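**Q** Okay, handing you the structure first.
Quick note: the coordinates plus some simple rules give every number you see, no bench work behind them. Nothing here was measured: the structure is a model prediction, and the numbers come from that model. Here the Cβ is made from the backbone with ideal geometry for all residues, glycine too, and neighbour counts use every protein chain on show.
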Amino acid sequence: MLPSNVSEYETKSPPPTRGGGPRFGGGLLLTVVLLIALIGVIVFAVTRLPVGVSAPARPTPAAGNAPAATAVVPPARGTPADAATAQAIQAAIRKLDDAQAQAIATGNPQLMADTATPEFYAEEVATNQDLVDSGVTEVKLVDIEWGDVFVDGNNATATAFETWTTTFEDGTTLQSRDRNVYTLVKDASGTWKVQTDVHPDQQQGQP
């Protein structure tokens, strides 16, 4: 490799003087001197390049460098729900939470079918299966702190801060508190059902 102390290298190896040795033509000698000087400049410039001048490597989630991404929160449309409507919407959400816990405890996902739209029910079944595959044996809703509830016809948006405990097959437990933004729809029978559940404060890839 080229030495890093280029300036020192040039000082110790100056071009030969005209005092001794065979003489070369003036043009050839000038060319050699200019060539040596050019090589010295190039070497000096290369050794002075900062580390990482090339394009940076792509960060990977495994290295913990993935950019944080949060879920898109559905906009709250409509007007604040009256007390009776807010209570019915909150009851539908709590029923969904209880059904999820019971579904994991019994291994029967059908318990969640009456609390959600068909599309969201399918998502919940997949979510529960992922939890079980990860070694979860029990989930329990500890508390719900209610936020705003908005209603727009047969659609509603509700915010809930939920605290859950999760138990794993090795006996360890984990407690977490998370903000949930639910959207609900009212079916033909007048029953509110959960359509989506977004966790806006949770980073992408976080379990």
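**Q** Using a basic spin-label model with each label point 7 Å from the Cα along Cα→Cβ, how many nm lie between Thr165 and Asp98?
**A** Each label point lies 7 Å from its Cα, and together they span 1.9 nm.
**Q** Still on this structure: Between Asp187 and Thr127, what is the label-to-label distance in nm when each label sits 7 Å out along the Cα-to-Cβ direction?
**A** With each label placed 7 Å out from Cα toward Cβ, I get 1.8 nm.
**Q** What are the ³J(HN,Hα) couplings of the stretch 142-150, residue after residue, when phi is run through the Karplus curve with 6.51, -1.76, 1.60 and θ = phi - 60°? Round to Hz, x for glycine and proline.
**A** Once rounded to whole Hz, the list reads 8, 7, 10, 10, 8, x, 6, 10, 10.
**Q** Same structure, new question: GluC sites (Glu not before Pro), restricted to the stretch 141-179: which are DSSP loop and have at most 13 other Cβ atoms within 10 Å?
**A** Loop-located and lightly packed - Glu169.
**Q** Further, regarding this structure: Quick one: 3J(HN,Hα) in Hz for the stretch 32-39, Karplus 6.51/-1.76/1.60 with θ = phi - 60°, rounded, Gly and Pro as x.
**A** Values per residue, Gly and Pro as x: 4, 4, 5, 5, 5, 5, 5, 4 Hz.
**Q** Give me the percent relative contact order of the stretch 76-198, please, defined on Cα pairs under 8 angstrom at least 6 residues apart.
**A** This gives 26 percent for the stretch 76-198.
**Q** Quick one: putting +1 on the C-beta of Lys and Arg, -1 on the C-beta of Asp and Glu, what dipole do you get for the stretch 76-198 around its Cα centre, in Debye to the nearest 20?
**A** Details: 8 positive and 20 negative charges, 78 e Å.
The dipole magnitude comes to about 380 debye.
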